[in-house]
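Heads up: the structure comes next, in structure tokens.
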2 protein chains.
Amino acid sequence: MTTLSVVIASTRPGRAGLPVGHWVAETAAAHGGFEVEVADLAELALPMMDEPQHPRLEQYVHEHTHRWSALVDRADAFVFVTPEYNHGPAASLLNAISYLYREWLHKPVGFVSYGGASGGLRSVQAMHPVVSRLSMVPIPEGVAIPYIKRHVADGVFTPSSAQQESSTVMLDQLLRWQEALVSLRQHN
Amino acid sequence: MTTLSVVIASTRPGRAGLPVGHWVAETAAAHGGFEVEVADLAELALPMMDEPQHPRLEQYVHEHTHRWSALVDRADAFVFVTPEYNHGPAASLLNAISYLYREWLHKPVGFVSYGGASGGLRSVQAMHPVVSRLSMVPIPEGVAIPYIKRHVADGVFTPSSAQQESSTVMLDQLLRWQEALVSLRQHN
């Protein structure tokens with residue numbers, strides 16, 4: 001079974017990312033191809049990068065890094081659920097990514113972004129070079145949610161039919177990529 | 001044998017891209033893992049996008065598109081040799097990419113960029129979301145050549161030892177990725 005980690009990037013109290021992330025996790029569980037884990041960066045509460053050594057060395061000195069490392073290590077694929085801040089990426093996501101190195105290598109990632117008119121897509125664009133540097137594959141299939149406030153009520157996200165369909169396409173592709181990349185991961 | 005296409009993006013008369021591209025092609029031929037082709041966009045002389053149908057349909061009406069399609073189709077991996085114009089990508093490369101769709105899918109690409117202080121890397125960053133949208137894999141290993149003018153004399157590019165070594169690392173990784181992606185290409 002492929003382990004999928006749904007990373008909820010926003011740590012803001014009241015964030016839309018929580019209901020969106022729960023929707024992604026439920027959709028992925030219903031998909032049937034995945035064992036689903038939710039990695040909520042608010043819960044994980046990683047401080048601003050405080051490891052003295054380059055992550056490539058894996059000489060982690062903090063308990064929070066060991067916890068995060070184990071979580072990312074056992075995932076085969078990711079969905080990053082992310083907002084867009086000031087037309088750019090979320091610092092929380094960049095910070096979390098920066099803690100690790102080998103744990104990310106050769107794993108596919110799909111993006112579910114949300115925002116105003118942009119659907120958070122400028123944040124996704126900005127993340128492309130970052131995840132590619134880690135030899136991850138940012139797949140083009142994803143979900144963008146413009147005008148997120150219209151989709152969340154009482155802590156529940158309600159997707160459009162197009163968003164629901166896009167999420168399935170994304171999950172199918174994550175599975176395909178994950179299988180193809182297994183051979184590369186054997187040498188990490 | 002893996003067919004590697006070295007795409008020379010710049011079409012400017014006097015471009016540094018030509019000697020850099022020749023160096024990449026020679027290095028790749030010496031590497032031993034590749035059958036090397038050079039795709040010189042100046043020679044190919046693609047006009048500004050003039051195909052009426054979406055490339056996904058492959059209903060090409062122009063001879064130049066058929067020629068370009070065949071060339072990209074038979075390549076298993078790419079090196080894009082690209083300058084940076086106004087801190088952005090080369091229009092010639094974007095234009096050439098936009099002609100095709102299926103021909104690009106699930107193939108890895110390494111970047112050899114050149115420029116002033118930046119080594120052309122801002123152009124590479126800008127290309128990341130574009131090639132990822134085509135399900136290509138922009139590998140992190142590449143070559144950046146700052147202050148290109150100091151490296152070209154009499155039409156010959158002379159790399160630093162670091163650049164020469166980086167090119168080998170890039171080629172090794174292109175080969176690894178190409179092998180891993182074959183399974184995905186079977187369903188294109």
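The values are calculated or read from the model by the stated rules, or taken from the named source; none is laboratory data. Just so it is clear, the model here is predicted, and its values are computed rather than measured. Every residue, glycine as well, gets a Cβ built from its backbone with ideal geometry; the counts of neighbours run over all protein chains shown.
Residue B:1 meets each of the listed conditions (1) in contact (Cβ under 8 Å) with a residue 60 or more places away in the chain; (2) surrounded by fewer than 19 Cβ atoms within 10 Å (Cβ to Cβ); (3) farther than 20 Å from residue B:130 by Cα apart from (1).
For every residue, the table says whether it meets (1) closer than 21 Å to residue B:126 by Cα; (2) among the acidic types (Asp, Glu); (3) in contact (Cβ under 8 Å) with a residue 24 or more places away in the chain.
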| residue | (1), (2), (3) |
| --- | --- |
| A:116 | no, no, yes |
| A:125 | yes, no, no |
| A:128 | yes, no, no |
| A:137 | yes, no, yes |
| A:141 | yes, yes, yes |
| A:144 | yes, no, yes |
| A:149 | no, no, yes |
| A:177 | no, no, yes |
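Among the residues of region B:53-72, are any surrounded by fewer than 18 Cβ atoms within 10 Å (Cβ to Cβ), of a type in the set (D, E, K, R) and touching a Phe, Trp or Tyr at 6+ places or on another chain (Cβ under 6 Å)? Checked region B:53-72: at least one residue is surrounded by fewer than 18 Cβ atoms within 10 Å (Cβ to Cβ), of a type in the set (D, E, K, R) and touching a Phe, Trp or Tyr at 6+ places or on another chain (Cβ under 6 Å).
List the helices (runs of 4 or more DSSP H) that sit entirely inside region A:71-188 and contain at least 1 residues that are farther than 20 Å from residue A:41 by Cβ and within 14 Å of chain B (Cβ to nearest Cβ).
On the way: elements: A:91-98, A:121-133, A:161-185.
Because the criterion is at least 1 residues that are farther than 20 Å from residue A:41 by Cβ and within 14 Å of chain B (Cβ to nearest Cβ), the helices (runs of 4 or more DSSP H) in region A:71-188 that meet it are A:121-133, A:161-185.
Filter region B:17-68 for residues that are more than 20 Å from residue B:102 (Cα to Cα) and small (Gly, Ala, Ser) and give the result. B:17, B:21, B:25, B:28, B:29, B:30, B:32, B:33, B:42, B:45 - these are the residues of region B:17-68 that are more than 20 Å from residue B:102 (Cα to Cα) and small (Gly, Ala, Ser).
Residues being on the phi > 0 side of the Ramachandran plot and more than 16 Å from the chain's Cα centre (by Cα): count how many of those fall in region A:130-174. Before you say what the answer is, go through the steps one by one.
We begin by selecting, within region A:130-174, every residue on the phi > 0 side of the Ramachandran plot; these are A:135, A:147, A:154-155.
Checking the rest, the ones that are also more than 16 Å from the chain's Cα centre (by Cα) come to A:147, A:154-155.
Looking only at that region, the number is 3.
Checking each residue in region A:133-148 for being within 19 Å of residue B:170 (Cβ to Cβ) and either surrounded by fewer than 22 Cβ atoms within 10 Å (Cβ to Cβ) or modelled with pLDDT under 95 (or both) picks out A:133, A:134. Evaluate the following for residue A:61: is it on the phi < 0 side of the Ramachandran plot, assigned to a loop (DSSP other than H, G, I, E, B) and either modelled with pLDDT of 95 or more or in contact with an Asp or Glu (Cβ under 8 Å, 6 or more places away or on another chain) (or both)? In short, yes.
Residues of region B:4-37 that are more than 15 Å from residue B:78 (Cα to Cα) and either surrounded by fewer than 17 Cβ atoms within 10 Å (Cβ to Cβ) or acidic (Asp, Glu) (or both): B:12, B:13, B:14, B:30, B:32.
Identify, from the list B:112, B:156, the residue that is in contact with a Ser or Thr (Cβ under 8 Å, 6 or more places away or on another chain) and in contact (Cβ under 8 Å) with a residue 60 or more places away in the chain. Full working, then the answer.
Numbers: B:156 fails: in contact with a Ser or Thr (Cβ under 8 Å, 6 or more places away or on another chain).
The match here is B:112.
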